[in-house]
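Working notes for the structure below.
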Amino acid sequence: MSQMNLPAARRRRRKPLIAASGPARNVMDVLLIVLGSFITALTFNMFLLPNRIASGGVSGLSILGQDLFGLEPAYTQWGMNIPLFIAGVLLLGKKYGLRSLLGSIMLPLFVYLTKDWAVPTTNPLLASLYGGIGVGLGLGTVFRGRGSTGGLAILAQIIQKYTGLSLSLCVMLMDGTVITLAGFALSPERALYALIGLFVTGKVIDAVEMGLSYSKVAYIISNQKEKITQAILHDLDRGLTELAGRGGYTNEERPVLMVVVGQNEVTRLKTLVRVVDPDAFVIISNTREVLGEGFKKEG
């Protein structure tokens, strides 16, 4: 049985509110990219720039450029983003389309427009924490709009293409280089704060892209497979999948039931299984993202 095997009434209830593609989705993507660029720029000017926290990327280099040479950060970001975007199109193909170009232009623009906004804190620890949260929220929103803000991420993908290194390693090398430069140009302490900001940014991006809530995936091994299946389908109103398994000691075939449930359904699932078969073997673990019938739909 598959996860799609839900009661017909439940399937009829779940209608997507917005089509996964088409003009409406394209407009939403543009709005998300613009909003995410604004949040990132505002965070940059309110927390990172005034506290000299260069936590990677072109924005980090622009902080070093202002500190060492007095360059306007927005101009530095434009001056690096546009050539990197062109290089990405030439070396990596046309996948760096209008959405990436939009982010590459809008982020420095908003950095310039919000440069005189009030600074809420001069505490570097608070700045690194809230700066990381704000940048993660902004970039995650841009990624939800299927765009990017360009910068060193493009250079990392170019390096990946021609060296065979993993993308995550290339990104770490880029950000690590910027933070190392900050350690020399600013101070080792500022580089340590930048690492905090970079870590927080990564966690917040994950939360924005995949959501704060966790679903649960349960694997059930039982001699009462049919009864448990019926209980999950009709009492819990969830579909499930039967996987082929074999006992390591007995070498006997042992079907494994896999079911994905929300956090609020875990107790009901355990109760149902316990009532049907108190000796059932159950494994329940977190799963960060579930797409499909009964769960989130993505375009």
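If I filter the stretch 32-54 for residues that are of a type outside the set (Phe, Trp, Tyr), open to solvent by 70 Å² or more (accessible area, probe 1.4 Å), assigned to a helix (DSSP H, G or I) and in the same structural domain as residue 180 (by the TED database), do I get at least one hit? So far as the stretch 32-54 goes, yes, one or more of its residues are of a type outside the set (Phe, Trp, Tyr), open to solvent by 70 Å² or more (accessible area, probe 1.4 Å), assigned to a helix (DSSP H, G or I) and in the same structural domain as residue 180 (by the TED database).
Checked against the criterion of being among the charged types (D, E, K, R), open to solvent by less than 70 Å² (accessible area, probe 1.4 Å), assigned by the TED database to the domain that holds residue 109 and under 14 Å from the mean Cα position of the chain (by Cα), the stretch 158-176 contains not a single residue that satisfies it. When the residues of the stretch 266-282 are filtered to those that are of a type in the set (Val, Ile, Thr) and either over 24 Å from residue 206 (Cβ atoms) or not assigned by the TED database to the domain that holds residue 245 (or both), the one that is least open to solvent (accessible area, probe 1.4 Å) is 273.
Scanning the stretch 50-62 for residues that are among the charged types (D, E, K, R) and within 20 Å of residue 201 (Cβ to Cβ) turns up at least one hit. Just one of the listed residues (79, 97, 70) is surrounded by fewer than 22 Cβ atoms within 10 Å (Cβ to Cβ), over 23 Å from residue 210 (Cβ atoms), in the same structural domain as residue 184 (by the TED database) and modelled with pLDDT under 85, and it is 97. Look at (1) of a type outside the set (Val, Ile, Thr); (2) without any contact (Cβ under 8 Å) to a residue 24 or more places away in the chain; (3) at positive phi and you find that residue 165 fails only one, number (3).
The values are calculated or read from the model by the stated rules, or taken from the named source; none is laboratory data. Every value quoted in this text rests on a predicted model; they were computed, and no experiment measured them. Neighbour counts are summed over all protein chains in view; Cβ atoms, including those assigned to glycine, are modelled from backbone coordinates with ideal geometry. Heavy atoms of the whole protein, side chains included, go into the accessibility calculation; ligands, DNA and RNA do not. Shrake-Rupley method; radii C 1.70, N 1.55, O 1.52, S 1.80 Å.
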